[in-house]
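Enquirer: Okay, here's the structure, questions in a sec.
The values are calculated or read from the model by the stated rules, or taken from the named source; none is laboratory data. For clarity, every value in this text was computed on a predicted model and none was experimentally measured. Cβ atoms come from the backbone with ideal geometry, glycine included; neighbour counts cover every protein chain shown. Side chains included, ligands, DNA and RNA excluded: accessible areas come from the protein's heavy atoms. Shrake-Rupley method; radii C 1.70, N 1.55, O 1.52, S 1.80 Å.
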Amino acid sequence: QVQLVESGGGLVQPGGSLRLSCACSGRTFSSYSMGWFRQTPGKEREFVAVSFWGGSGTAIADSVKGRFTISRDNAKNTVDLQMNSLKPEDTAVYYCAARLSRRASTRFNEFDYWGQGTQVTVSS
């Protein structure tokens, strides 16, 4: 069983920064792909960023490329999402997710475990 707990959400002004963190209880964390997704009411969960298993690479959604960065610490079982130059349209609930398969994916329905989500609100 894998448990994920996100932290770091909150209210920030446009142009500001936030850092989200996700702590994972899995025993083989380095073998998981770890992703961040976001969702607003009435919309499908949207891919934001992923760190593929074993640190083999990352992928970032075009909508946040150049502003968001994903990083992982396999010694601490954590994955972070650094969000800079935030815009009102970044407002959403952000979810951390783990995928056990080693086949790369950015599809939300191909991730196996999810955190409870953390609210990010970008507003003046």
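Enquirer: 7 Å from Cα along Cα→Cβ at both LYS43 and THR58: what's the point-to-point distance in nm?
Expert: 2.2
Enquirer: Continuing with the same structure: Which residues among the range 53-83 fall inside the zone where the amide N is under 15 Å from a point 7 Å beyond the Cα of ASP112, along Cα→Cβ?
Expert: Under 15 Å, as judged by backbone N against the label point of ASP112, lie 53-54 of the range 53-83.
Enquirer: Go through ALA97, GLY115, ASN84 and say which Cα lies farthest out towards the positive end of the charge dipole of the range 52-124; charges sit on Cβ, +1 for Lys and Arg, -1 for Asp and Glu.
Expert: Ranked along the dipole, the leading option is ALA97.
Enquirer: Put +1 on the Cβ of every Lys and Arg and -1 on every Asp and Glu Cβ in the chain; which of GLY66, PHE29, GLN3 then has its Cα farthest towards the positive end of the dipole?
Expert: It is PHE29.
Enquirer: Moving on to the next point. Mind putting a number on the dipole of the range 57-117 about its Cα centre? Charges go on the C-beta only, +1 for Lys and Arg and -1 for Asp and Glu, and I need it in Debye to the nearest 20. Walk me through the numbers on the way to the answer.
Expert: Numbers: 9 positive and 7 negative charges, 43 e Å.
Around 200 debye, computed over the range 57-117.
Enquirer: Just the Kirkwood number for the range 10-59, please: inverse of mean 1/r across all distinct Cα pairs, in Å, one decimal. Before the final figure, lay out each step's value.
Expert: Values: mean 1/r = 0.0762 Å⁻¹.
Its Kirkwood hydrodynamic radius stands at 13.1 Å.
Enquirer: Just the number please: accessible area per residue for the chain, 1.4 Å probe, all protein chains included, in Å².
Expert: Accessible area per residue: 51 Å².
Enquirer: For an R0 of 22 angstrom, estimate the FRET efficiency from the Cβ-Cβ distance between LYS65 and SER105 and round to the nearest 0.05. Spell out each step's value before the answer.
Expert: Numbers: r = 18 Å, r/R0 = 0.83.
FRET efficiency, LYS65 to SER105: 0.75.
Enquirer: Next up: Where Rh is the Kirkwood radius over the Cα pairs of the range 68-121, the temperature 37 °C and the viscosity 0.692 mPa s, what D in µm²/s does Stokes-Einstein return?
Expert: Values: Rh = 12.9 Å.
Estimated via Stokes-Einstein, D reaches 255 µm²/s.
Enquirer: I've got another one for you. Within the range 42-124, report the trypsin sites (Lys or Arg not before Pro) that DSSP leaves as loop and that have at most 16 other Cβ atoms within 10 Å.
Expert: Counting only loop positions with at most 16 other Cβ atoms within 10 Å, the trypsin sites (Lys or Arg not before Pro) in the range 42-124 are LYS43, LYS65, ARG67, LYS76, ARG102, ARG103, ARG107.
Enquirer: Taking the alpha-carbon distance from LYS87 and a cut-off under 24 Å, which lysines remain once sequence neighbours fewer than 8 residues away in the same chain are dropped?
Expert: Correct list for LYS87: LYS43, LYS65.
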